[in-house]
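Report on the following structure.
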Amino acid sequence: MTAQLDTYPQAVRDAVARTREVVSALHAELPRWGLVVWTAGNVSQRVVVDPAAGPGEHDLLVIKPSGVTYDELTPEAMVVCDLDGELVDGERSPSSDTAAHAYVYRNMPEVGGVVHTHSTYATAWAARGEEVPCVLTMMADEFGGPIPIGPFALIGDDSIGRGIVETLRGSRSPAVLMRNHGPFTIGKDAKAAVKAAVMCEEVARTIHVARQLGEPLPIAQADVDSLYDRYQNVYGR
Ligand SMILES: O=C(CO)[C@@H](O)[C@@H](O)COP(=O)(O)O
């Protein structure tokens, strides 16, 4: 039996309200950065039930309602689910990718935000099943190496989520290109995952253009490591 939101402590309900505001606002970034057409993308954020205890199996997630265009999204329209993807609060059905988002949260406690788009260049790399090589300093900064390819998986059960986790566990990348489908990104929160989606599309496009002019040059692994360490630990501090 899925507990309804009004059975949760007030502190959780307050955290859900804040998360609805964040997730609703971040959905506007998807069309803003040219990452989606129509409704073909979604953002979620983990709602930690007990911040003092950190992420847990009783956490909730907030995600967009399925099939709703971005100009119609409001905080109130956001849907709340448990980490099994079961509806806890919401007038509409949750995103069709909720199972994938929930699987990531269950299996990667360090992840606080998940994004899925069908952005053109990243999805073109996914269609070909080829990882995006780390040939730009911006890639070393944000991805710490190539953007990996995840397995082909049908929507509707844990298959996509399992493919995301199995691929990203072995990579520094916050983005994975699910073969024949498109990018999924993760982050410490939804904003970080949206940034990863924006940067994933940017480097996929740039490297595609570079490939039209010739073979891009590799970056030595030691330099990739140095760039990644600086960007992740120094940049913007
Ligand atoms: O990729 C797919 C469907 O194949 C979904 O991500 C996309 O249509 C968005 O669906 P939702 O509107 O989030 O349910």
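If we count every other residue with Cβ under 14 angstrom of Lys195's Cβ, Lys/Arg +1 and Asp/Glu -1, where does the sum land? Please list the in-between numbers first.
Working: positive: Arg32, Lys188, Lys191; negative: Glu29, Asp141, Glu142, Asp189, Glu201, Glu202.
Counting the neighbours of Lys195, the net charge comes to -3.
Suppose every K and R has +1 on its Cβ and every D and E has -1 on its Cβ; what is the size of the dipole of the stretch 124-173 about the Cα centre, in Debye to the nearest 20?
Values: 4 positive and 7 negative charges, 13 e Å.
Its charge dipole is roughly 60 debye.
Net charge near Asn107: determine it from the other residues with C-beta under 14 Å of the C-beta of Asn107, scoring Lys and Arg +1 and Asp and Glu -1. Don't skip to the answer; put the middle values down first.
On the way: positive: Arg46, Arg106, Arg162, Arg169; negative: Glu57, Asp59, Asp84, Glu110, Asp158, Glu166.
In short, -2.
Calculate one ³J(HN,Hα) per residue across the stretch 225-237 by plugging θ = phi - 60° into the Karplus curve 6.51 cos²θ - 1.76 cosθ + 1.60, and present them in order as whole Hz with x for glycine and proline.
After applying 6.51 cos²θ - 1.76 cosθ + 1.60, I find 4, 5, 4, 4, 4, 4, 5, 6, 10, 10, 3, x, 6 Hz.
Under a Cβ-only charge scheme (Lys and Arg +1, Asp and Glu -1), can you give me the dipole magnitude of the chain about the Cα centre, in debye to the nearest 20? Can you show the working numbers first?
On the way: 20 positive and 31 negative charges, 107 e Å.
Roughly 520 debye, rounded to the nearest 20.
Averaged per residue, what accessible surface does the chain expose to a 1.4 Å probe, in Å²?
48
Step through the residues of the stretch 160-172 one at a time and calculate ³J(HN,Hα) from phi using the Karplus curve (6.51 cos²θ - 1.76 cosθ + 1.60, θ = phi - 60°), rounding each to whole Hz and writing x for Gly and Pro.
Result, ordered by residue: 5, x, 5, x, 4, 5, 4, 7, 7, 4, x, 9, 7 Hz.
What residues have an amide H closer than 5 Å to that of Asp59, excluding those fewer than 5 places away on the same chain, when H is modeled at 1.01 Å from N in the peptide plane?
Val49
7 Å from Cα along Cα→Cβ at both Asn233 and Met138: what's the point-to-point distance in nm?
It is 2.5 nm.
At Ala220 and His58, where each label point lies 7 Å from the Cα along Cα→Cβ, what is the point-to-point distance in nanometres?
Placing both labels 7 Å along Cα→Cβ, they lie 5.3 nm apart.
For the chain, with equal point scatterers placed on the C-alpha atoms only and solvent neglected, what are the log10 I(q)/I(0) values from the Debye formula at q = 0.12, 0.14, 0.17 1/Å, to two decimals?
Listed by q, the Debye log ratios stand at -0.64, -0.85, -1.20.
Suppose R0 equals 35 Å. What FRET efficiency, 1/(1 + (r/R0)^6) with r the Cβ-Cβ distance, do Ala11 and Glu166 give to the nearest 0.05? Let's see the in-between values first.
Working: r = 34 Å, r/R0 = 0.98.
The calculated FRET efficiency here is 0.55.
Which whole-Hz ³J(HN,Hα) couplings does the stretch 135-140 yield from phi under the Karplus relation 6.51 cos²θ - 1.76 cosθ + 1.60, θ = phi - 60°, glycine and proline marked x?
In residue order, the calculated couplings are 10, 10, 4, 5, 5, 4 Hz.
Return a whole-number percent for the relative contact order of the chain, with Cα pairs under 8 Å and 6 or more residues apart as the contact set.
Working: 490 pairs, mean separation 45.1, N = 237.
For the chain, the relative contact order is 19 percent.
Given charges of +1 on the Cβ of Lys and Arg and -1 on the Cβ of Asp and Glu, with all other atoms neutral, how large is the dipole of the stretch 172-237 about its Cα centre, in debye to the nearest 20?
On the way: 9 positive and 7 negative charges, 48 e Å.
Here the size comes out at about 220 debye.
Set Lys and Arg Cβ to +1 and Asp and Glu Cβ to -1, take the dipole of the stretch 5-233 about its Cα centre, and tell me which of Ser171, Gly56, Val224 lies farthest positive.
Toward the positive end, the furthest listed residue is Val224.
Who wins for biggest fluctuation among Gly54, Gly112, Gly34 in a Gaussian network model of the chain, springs between alpha carbons below 10 Å?
Most flexible of the set in this elastic network: Gly54.
Can you list the GluC sites (Glu not before Pro) in the stretch 1-92 that are in a DSSP coil and have 16 or fewer other beta carbons within 10 angstrom? Present the calculation step by step, with values, prior to reporting the outcome.
Numbers: sites: Glu21, Glu29, Glu57, Glu72, Glu76, Glu86, Glu91; in loops: Glu57, Glu86, Glu91.
Answer in residue order: Glu57, Glu86, Glu91.
The values are calculated or read from the model by the stated rules, or taken from the named source; none is laboratory data. Please read these numbers as outputs of a predicted model, since none were measured by experiment. With ideal geometry, Cβ positions are generated from the backbone for all residues, glycine too; neighbour counts draw on all protein chains shown. Surface areas here come from the heavy atoms of the whole protein model, side chains and all, with no ligands, DNA or RNA. Shrake-Rupley method; radii C 1.70, N 1.55, O 1.52, S 1.80 Å.
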